[in-house]
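Okay, so here's the structure we're looking at.
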Amino acid sequence: MSVRIVALGNEKAGFEESLQQPDLITTYFGRHAIIRHIEERRLLTFATHITFPPFVEYQAYVFGRIRVLIHDCPNWDLFDNDWYRSRNVVGLADIIILKYSVNDKTSFQEVKDNYVPIIKRILNQWTVPVIIAAVGTRQNEDGPPCSCPLCTSDKGSCVPFYEGIELSKEIGAAYLELHSLNDFYVGKYFGGVLEYFIIQCLKQKSSPKKKKRSSRPQIIPPPRLREPVKLPCLKIEESRYHRDLLNLFYSSLCTDVVFSSKDGQEVARAHRVVLCTASHVFMLLFGAEIASDPGELPGKIAHNLFVIDKKDIALNSSQALLQNSQPVRVIILDSLLCACYSEILKFIYAGTDSWDELKSVLWKKLQNLEQVRNVLETLKLLFRYNAKTFCSSDVSNQTAKRKGQSQSCCCSLSLFLKSPDLADVIFKVQGTSVYAHRAVLVARCEVMAAMFSGNYAEAKACQVPIHGVSKETFLSFLEYLYTDACNTASILQAMALLICAEMYQIHRLQQMCESYIVTQLQSTPSRELVSTNLSIVSLFNKAKFHNSTRLSTWLLHFIASNYLIFSQKLEFQELSEEEQTFVENHRWPSSSYLQELTEYRHHIHSGRSRCTVM
């Protein structure tokens, strides 16, 4: 009885020094079987200019007198020279082995693009066991190769672990990674699976009567290593940016502008920092610095539409704001604009840019089409210098809606971040003065709203000291309040910002920091987790202490999913007994798998199934 094995692909790295290295087939059969005859000869007829045959034939005897015939083709070009005859050789195979080097994507691509389609056609006709062998230790310029046999995150020009897994799933093959051609990987790891398939082939070829009479013990399949449990998904809640500003408008807290009609009747209250963000006209009106030269037109518009009450001219300065002065009274000169000015302010604060909706509101207010058109033309002049404030046409507006864009009449307040213009509070952080605007702080942070509007000392103070937070972290915190975004350069900075967000009860910022930390850890290669000075257990303890339940739960699962790495570190002992029990129960690979793997190897290499060396 005999077994025919066809090996396809090149497991060497493709470099000159690799030419002298032994290959997988001769390494295994040379050490673990008696090779009676090794013959390199042409099995197929080719033209005379072909230097090397496509297949090298190896004949060996395993399990005593079981003859194994191996056909090895390391090169697709040689295989393709006589396509039909080469395909016939593959069609006669009892077992197929696909080989490639993890450090040579070319060899992997050759297997994937050329050999796998042939295998698929064969598998459609009958079942043939297939083994995919990825040989070598991944090399990376960023650091030394990972010594962990379960490393799945190497980068660079190497073939990632998941690509090999996907290829094996595509054709239903057994996937093996052989980090080196030593006795463990070749003899026990690769050999155990190959010998299992050889025994299965022999059982299929034997008659049913012989199967019943056979006293050979039942062959157990190799244990299956399940994928790690998916870590919890951390979602970020929707932005409240413009909702917070609209609530600020309704509450009238920290207002520093009062708009009134010509007869002195109050129309609406607002905040300079929000208005100046919306239009350069308000910047000129309130004396804020303008980054670029707007020309003469905004000044003319401001002169025609608004005028500051003479009594409050002295209050229109940054110094007056810092001294907690009364709001500046601005008279609206345009009567139509004055009639619907409260509704227009709502659109500025709400961050909408829908002309149709604005037309609807103005129509309900004015009940005159010509007057509505006049007000819209005035608004176009008022907001012309704010980049893309309103959509230029209904068509462009509908296009923006279809694309899901969220354009805003009120742009980001980043223009006034850390700026002394219109600032009415100064934070003292690590000896540095940081300018801010109470309106923004009150709108975006409930803790600061209570602090600046209650009976606290900060409500009337111009300077507010900040303790327990670094300058960089506090500036990142203010950046989120002003722009609804945050930028962190490292996991530790994100954790510091998370602690600050927890102190001021900004839940969405906490979630953004959690998401950043999770993303960074998920993209960290295993070899860096082994050598990094970053303590994951310390991050876990901080997250738990500062009520970041989602992040602490995720980190505990992360430690369990990388058990072989973190269990060897001293920081692992910092976990409580309950936490260590959780990690042990959810560890990957599981203890049961390792036990099954040990029993399987013992069974495969026991005296009943070991190769007989003569």
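The values are calculated or read from the model by the stated rules, or taken from the named source; none is laboratory data. As the structure is a computational prediction, the values presented were derived from the model and not from experiment. Neighbour counts are summed over all protein chains in view; Cβ atoms, including those assigned to glycine, are modelled from backbone coordinates with ideal geometry. The accessibility values were calculated without ligands, DNA or RNA, using every heavy atom of the protein model including side chains. Shrake-Rupley method; radii C 1.70, N 1.55, O 1.52, S 1.80 Å.
Miscellaneous remarks
- Given R0 = 60 Å, the distance between the Cβ atoms of GLN463 and ASN182 translates into a calculated FRET efficiency of 0.30.
- Computed E for THR127/LYS230 - FRET, C-beta separation, R0 35 angstrom, nearest 0.05: 0.65
- Highest-first packing order for the peptide set 100-112, 231-243, 274-286, 529-541 is 274-286, 100-112, 529-541, 231-243, based on the mean count of other beta carbon atoms within 10 Å.
- Comparing LEU556, HIS586, THR524 along the charge dipole axis of segment 520-593, the residue lying farthest to the positive side is THR524, per the Cβ-charge model.
- When the pairs LYS12/LYS205; LYS120/LYS205; LYS12/LYS230; LYS471/LYS569; LYS12/LYS112; LYS230/LYS542 are compared against a 28 Å limit on Cα-Cα distance, LYS12/LYS205; LYS12/LYS230; LYS471/LYS569 fall above it.
- In order along segment 580-591, the phi-based Karplus estimate (6.51 cos²θ - 1.76 cosθ + 1.60, θ = phi - 60°) of 3J(HN,Hα) comes to 5, 5, 4, 5, 4, 6, 10, 5, 9, x, 6, 5 Hz; Gly and Pro are listed as x.
- Rounded to the nearest 0.05, the FRET efficiency derived from the C-beta distance between ARG373 and SER470 at R0 = 60 Å is 0.65.
- ASP80 accessible area, 1.4 Å probe, all protein chains in place, Å² to nearest 10: 70 Å²
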